[in-house]
Ligand code: NAP
């Protein structure tokens, strides 16, 4: 087997993403040793029981020998966690994360990093609505994009560290894209953050209407509502932090969405079928291009086992 990319990595937060990085790193030659830390001792114990890596006695102990430290915790917690342990990192080591927002996290990581530690924020565009170490799996990142938002104009050592981190994610099966953090936040506001906000909102609206529909919302949920409830089952802490840390871009995307929704409402009120038909046809084409790009399956029911759903 090819030599692992890193000798030792530290995973801070062994939930869905952290445990998946740990599993994939071991299985696919990302790292020889994986050291684990989580603020929740039961979670840390469970991750060790699953054989995901060696549990550390403290967060500073976890990062001390690591060539790369991955913060896999909610976006709002990354700054304080990095500030509490980055001082214990080795010179030349990589300080990175998997957070769904990059601008604020990049700022916080840079503020926490001592001289000689390379800050390279990251975001694997892969996940599920589940949480915790049992929810993770090694193939989560296969065929998915991982966005890195390195600083512009770093020296040769920094650029080599960025290449190494990119190689790590490629070893885990990801395709890597380098991007400016502000651009990342704008792109993800429309492709991920806004859809989650809409899902949370439609579930809340439908719940409020239950008194009118007398249980029929749940009974007939397979008509479309159910797919929103899957997204809305995502972790509340994670999503609260995403919206608090990507305010400007989300508000910008939300404004555009509200304008388009108003236009649709008008078309329905005016009985303008052409506007509706053209928009739905266009949207269907976008769905096809996502499947062609290998980012989803064309199988019925999104490829889910229908017996389980
Ligand atoms: P998760 O399953 O809830 O796991 C997070 C773990 O981190 C929990 O065990 C949590 O402990 C622990 N934790 C929280 N604060 C901590 C701290 N200060 N120090 C140490 N451990 C701490 O969450 P996740 O879904 O893996 O998400 C982790 C990160 O990945 C987030 O930044 C998220 O934006 C990003 N991300 C998520 C997805 C997704 O689909 N889920 C996709 C891409 C990126 P407690 O249980 O005590 O809170």
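The values are calculated or read from the model by the stated rules, or taken from the named source; none is laboratory data. Since the structure is predicted, the reported quantities are computational estimates derived from the model, not experimental observations. Note: ideal-geometry Cβ built from the backbone for every residue, glycine included; neighbour counts use all protein chains shown.
Points to keep in mind about this one:
- Among the residues of segment 87-111, those identified as over 16 Å from residue 165 (Cβ atoms), within 22 Å of the chain's Cα centre (by Cα) and either within 13 Å of the ligand (Cβ to nearest atom) or in a loop (DSSP other than H, G, I, E, B) (or both) are 100, 101, 104, 108.
- Residue check for residue 248: under 20 Å from residue 74 (Cα atoms) and modelled with pLDDT of 95 or more: yes
- Scope segment 55-75; condition assigned to a loop (DSSP other than H, G, I, E, B) and surrounded by fewer than 24 Cβ atoms within 10 Å (Cβ to Cβ); matching residues: 56, 57, 58, 64, 65, 67, 74
- Here residue 254 fits the description: part of a helix (DSSP H, G or I), more than 16 Å from the ligand (Cβ to nearest atom) and closer than 13 Å to residue 196 by Cβ.
- Each residue in segment 25-54 was checked for being within 12 Å of the ligand (Cβ to nearest atom) and either assigned to a strand (DSSP E or B) or not assigned by TED's automatic domain parsing to the domain that holds residue 171 (or both), and 2 pass.
- Residue match in segment 269-284 (condition: surrounded by 10 or more Cβ atoms within 10 Å (Cβ to Cβ), modelled with pLDDT of 90 or more and in contact with a helix residue (DSSP H, G or I) (Cβ under 6 Å, 6 or more places away or on another chain)): yes
- With respect to (1) outside any helix (DSSP H, G or I); (2) touching a residue at least 12 places away in the same chain (Cβ under 8 Å), the lone exception for residue 140 is condition (1).
- Selected residue [in contact with a strand residue (DSSP E or B) (Cβ under 9 Å, 6 or more places away or on another chain) and not assigned by TED's automatic domain parsing to the domain that holds residue 234] from 92, 116: 92
- Here the condition is being closer than 22 Å to residue 140 by Cα and more than 8 Å from the ligand (Cβ to nearest atom); of 14, 5, 63, 75, it holds for 5 alone.
- Residue within segment 149-159 that is buried (at least 21 other Cβ atoms within 10 Å of the Cβ) and within 15 Å of the ligand (Cβ to nearest atom) present: yes
- Matching residues in segment 112-139 - criterion: being within 15 Å of residue 97 (Cβ to Cβ) and within 9 Å of the ligand (Cβ to nearest atom): 123, 124, 125, 126, 127
- Candidates in segment 107-130 are the residues that are under 27 Å from residue 200 (Cα atoms) and at pLDDT 95 or above; of these, the one that is surrounded by the fewest Cβ atoms within 10 Å (Cβ to Cβ) is 125.
- The sole residue among 78, 9 that is assigned to a helix (DSSP H, G or I) and either under 17 Å from residue 124 (Cα atoms) or in contact (Cβ under 8 Å) with a residue 24 or more places away in the chain (or both) is 78.
- The sole residue among 234, 221, 211 that is closer than 21 Å to residue 72 by Cα and at pLDDT below 95 is 234.
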